[in-house]
Each structure stands twice: as C-alpha cells, then as structure tokens.
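The values are calculated or read from the model by the stated rules, or taken from the named source; none is laboratory data. Predicted model, so just to flag it, every value in this text is computed and none were measured. When we count neighbours, we look across all protein chains shown, and the Cβ atoms used for this are built from the backbone with ideal geometry, even at glycine.
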Amino acid sequence: MDVKLFFQAIIKYMVGVILTGALLFVPAGSLEYWNAWLLMGLLFIPMFIAGIILMVKKPELLKKRLDAKEKVATQKIVVFLSGLMFIAGFVTAGLNYRYNWIEIPNAVVIAASIIFVISYVLYGEVLRENQYLSRTIEVQKNQKVIDTGLYGIVRHPMYGSTILLFLMMPLILGSIISFVIFLVYPIIIAKRIKNEEEILEKELEGYKEYKEKVKYKVIPFIW
C-alpha cells in the first residue's frame, strides 16, 4: 500500500467531512438538522468505501481523482464557480432549516435520496469503466478513447451522474431555495464540457470519430 497516498486520501476525506458539516450545521444553528446528517451519510459512507476499493485495486486512479489542480484557465473558473455554488447552496440550506423558510415534504426528500444513491452507483460504474478519469482536464500518456458501456450511450456519463447527484443534494437537505442555486451547475458543467472536448479533439487520437459515433454529451436524445 502507498502510505503517502493513503494519508493524502484520509486527510482530504476528513477535510471534506468537516467542511461540509460546518457549512450545514453552523448556519442551521443546530446539530438536529436531520437532513444534513442524511446527506452526509449518503455522501461520505459510499465515498469511504469507494476510496478503500480504489486504494486496493486502482491506486493510480485514486491518485488522479485526488489531484484537483487545474492547469487550464477556463477550468479554474469552472472549479471556482462550482465552489461558490456549494458554499451558497449549503449555507442557504442551513439557514432554511434555522428560519423555517420553505419546507419540502419528506416524500420528496426520500425520492431524492433514492435518486442520489442510484446516481452514485452510476458514478462508480464510470470509475470502473474509465481508468483515465482525472479531476483535471488532461490527456494522459497512452490514453485511449473509451466507447463501451455508458460511454457508448453518452460521451460524458460522469458529468451526467454528477449533475443528478448535485441536484438531489439540496432536495435531500430540504431546501428548494438551495435547489435553485444548484441549477447553476448544469450551466457550469456545459462550459467545462465545451472546453474539455476542444482539448480532447486536439490531443486524443480517435476522439473526433468517437463524437461522430456517440452523438449525445450527457443526456441521451436530449443533450
């Protein structure tokens, strides 16, 4: 086992847990915000399990997923805007709980939780199918075009799964106002995809042909 990678993963995991908890519970003014506990459980328990699996079976992929330093200016903007979205959305959800602005029925929360779990499974399948998945936009050494499985349906199944994941988060948190904030994400990710495909067309052999074969980016028959 790569000890350095292990500690890097654990530290980033714990920072994520603490930061998410702070963004939710501090504005909520209470640890009784059960929606926040539900989201953190749905988010971080599978993440921990997936991290262990990657550490054992695909440490190189885990290393790529932990590297979030974008080199392209456009992608730096995308990451910055995504960060602002999360901060604004989570803080608003906490405030929504504290001041009881707008309540969402528990049935919606449960439905969103189910969709979230399904989206997480899809995300895991994408990780299984594509060993070249990196947090940053880059063409890696010996990288090949993946055109089977989910990649045979849409060109960016990872972004499709993250859109579902992120749009379900505010509903799990019980905040329709936060949901409106998170609607910015598909717009942000569209900008990322546009820039990513420009880079892949220039640097990854066979990607132009792949675009002709698989017509849709994220949603079959729509986008």
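Mind counting the residues in segment 112-133 that are under 16 Å from Ala36 (Cα atoms) and loosely packed, with under 15 Cβ neighbours inside 10 Å?
2
Name the helices (runs of 4 or more DSSP H) wholly within segment 114-215 that hold at least 3 residues that are more than 19 Å from Met85 (Cβ to Cβ)?
184-203, 207-213
Can you spot a residue in segment 143-160 that is within 19 Å of Leu127 (Cβ to Cβ), crowded, with 16+ Cβ neighbours inside 10 Å, hydroxyl-bearing (Ser, Thr, Tyr) and out of contact with any strand residue (DSSP E or B) (no Cβ under 6 Å at 6 or more places or on another chain)?
The answer is yes; a qualifying residue exists.
Going through segment 87-111 one residue at a time, which ones are part of a loop (DSSP other than H, G, I, E, B) and either buried (at least 18 other Cβ atoms within 10 Å of the Cβ) or at pLDDT 95 or above (or both)?
Residues satisfying the conditions are Asn100, Trp101, Ile102, Ile104, Pro105.
When you look at Ile10, is it at pLDDT below 95 and assigned to a helix (DSSP H, G or I), yes or no?
So Ile10 fits the description; yes.
Please specify each residue of segment 1-44 satisfying the condition of being within 18 Å of the chain's Cα centre (by Cα), among the small types (Gly, Ala, Ser) and buried (at least 18 other Cβ atoms within 10 Å of the Cβ).
Ala9, Ala36
Is it the case, given these coordinates, that Ile172 is of a type in the set (A, V, I, L, M, F, W, C) and crowded, with 16+ Cβ neighbours inside 10 Å?
Answer is yes for this residue.
With the structure loaded, tell me whether Leu81 is within 15 Å of the chain's Cα centre (by Cα), more than 21 Å from Ser113 (Cα to Cα) and surrounded by 13 or more Cβ atoms within 10 Å (Cβ to Cβ) or whether it fails that test.
yes
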